[in-house]
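The values are calculated or read from the model by the stated rules, or taken from the named source; none is laboratory data. These figures come from a predicted structure and were not determined experimentally. Cβ placement follows ideal geometry from the backbone for every residue including glycine, while neighbour counts extend to all protein chains displayed.
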Amino acid sequence: MVHETLSATNAVVTLDVGLPGIVWPWLVTINMWAKSIGTGVIFMLFFLLRKYPHDARDLRFPTTVVSIVFIHIFLLFTLADLHQPFRMWHIFFYPHWTSAITVGAWMATLFVGLLFLLAFFSFIKKDNAAFDRLLMWVTILAIPVTLYTAGLMSQCTARELWQMPTESAQMMLAALLAGSATMILLGGKQLSFEAKSTLGVVLGLSALFAFILYMAELIFGPMKAEEVGAVLAYIKGDGEYATLFWVGQWVAYLLPMLFVMLSRVGKSESILKLAALLALAGLWVVKHVWLMIPQLLPMS
């Protein structure tokens, strides 16, 4: 909103007015969920090729395709959520490097380019040695691509709940959770039960640590700031998002942890696959609730 114009300098003074209502809708939830899968499978492929190289030898190309698909879903919904999507080229030709979305766009573009190069090495050239050398750099780049959304959220003014340290941990844990769950489902008969069981451990530990972080915010968050207490009221008691929050915690974290333990005791791949499916479905719910509740708090 223009407040006044200084005629001597032609400078325009504006007021920083909070936008009412939901600015980041479910499109951003899909954005974060797809990005977690797209980067997470790269983390897990890198891990499997070093711990179980014989089992994972035929997963190079399928995993790369999965990553390409979900990273493009992430980019598509990012573009759809922009207020001026047809001006997105400004990010590349007039970049502002203090903006997390600019840095993220450049990293994601480079990440996609390297993914296509991985597909070339695995499907056309069939050079596993070159693939594995490049995979190390793609895995390193996947870390900031995963974390950049945390930087974007932490730049939001008057959103005390979205703090960079906590959100960074949650983004990384989401990638490990989604990546291990997807690889369990993608592995099929190519991965041995031992390899899938190890992925189950990654899934279970990621769910445990993510659940601990959410409970820490829920219990101790109001001590940090009054705004956090007001935001968390939406998921406490009879809050608007209370039911959905606990559904997400059970489906994404608690039940997968339980099923991972049961699968290891009973050596059951079916139970492990169920844990993976629940984790992927629940992760969307968890991310959606955490994205929505700070935006419900009035800015005035």
Cβ-Cβ under 7 Å, sequence separation 6+ or interchain: first residue in segment 114-132 and farther than 18 Å from Gly38 by Cβ, partner part of a loop (DSSP other than H, G, I, E, B). Which pairs?
Phe121/Asp127
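A quick yes/no check of all residues on (1) under 17 Å from the mean Cα position of the chain (by Cα); (2) in a helix (DSSP H, G or I):
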position: Ile22; (1), (2): no, no
position: Ala34; (1), (2): yes, yes
position: Leu49; (1), (2): no, yes
position: Ile73; (1), (2): yes, yes
position: Ile101; (1), (2): yes, yes
position: Val112; (1), (2): yes, yes
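Only residues that are closer than 17 Å to Phe61 by Cβ and not in a helix (DSSP H, G or I): list them for segment 129-155, please. First the steps, then the outcome.
In the first step, residues of segment 129-155 are kept if they are closer than 17 Å to Phe61 by Cβ; the result is 129-135, 138-139.
Correct list: empty.
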Among (1) part of a helix (DSSP H, G or I); (2) within 23 Å of Leu185 (Cβ to Cβ); (3) modelled with pLDDT under 95, the one test that Phe61 misses:
(3)
Do we have any residue at all in segment 109-122 that's of a type in the set (Val, Ile, Thr), at pLDDT below 90 and surrounded by 13 or more Cβ atoms within 10 Å (Cβ to Cβ)?
no
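Hey, among the residues in segment 144-165 that are among the hydrophobic types (A, V, I, L, M, F, W, C) and buried (at least 16 other Cβ atoms within 10 Å of the Cβ), which one's farthest from Val231 (Cα to Cα)? Reasoning before the result, please.
Pass one, segment 144-165, residues among the hydrophobic types (A, V, I, L, M, F, W, C): 145, 147, 150, 152-153, 156, 158, 161-162, 164.
Then drop every residue that is not buried (at least 16 other Cβ atoms within 10 Å of the Cβ), which leaves 145, 147, 150, 152-153, 161-162.
Working: Val145: 28, Leu147: 23, Ala150: 18, Leu152: 19, Met153: 15, Leu161: 8, Trp162: 11 Å.
That would be Val145.
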Kindly establish whether Lys126 is buried (at least 18 other Cβ atoms within 10 Å of the Cβ) and basic (Lys, Arg).
no
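Quick check, is Ala119 touching a helix residue (DSSP H, G or I) at 6+ places or on another chain (Cβ under 8 Å), assigned to a helix (DSSP H, G or I) and of a type outside the set (D, E, K, R)?
Values: touching a helix residue (DSSP H, G or I) at 6+ places or on another chain (Cβ under 8 Å): yes; assigned to a helix (DSSP H, G or I): yes; of a type outside the set (D, E, K, R): yes.
So Ala119 passes the test.
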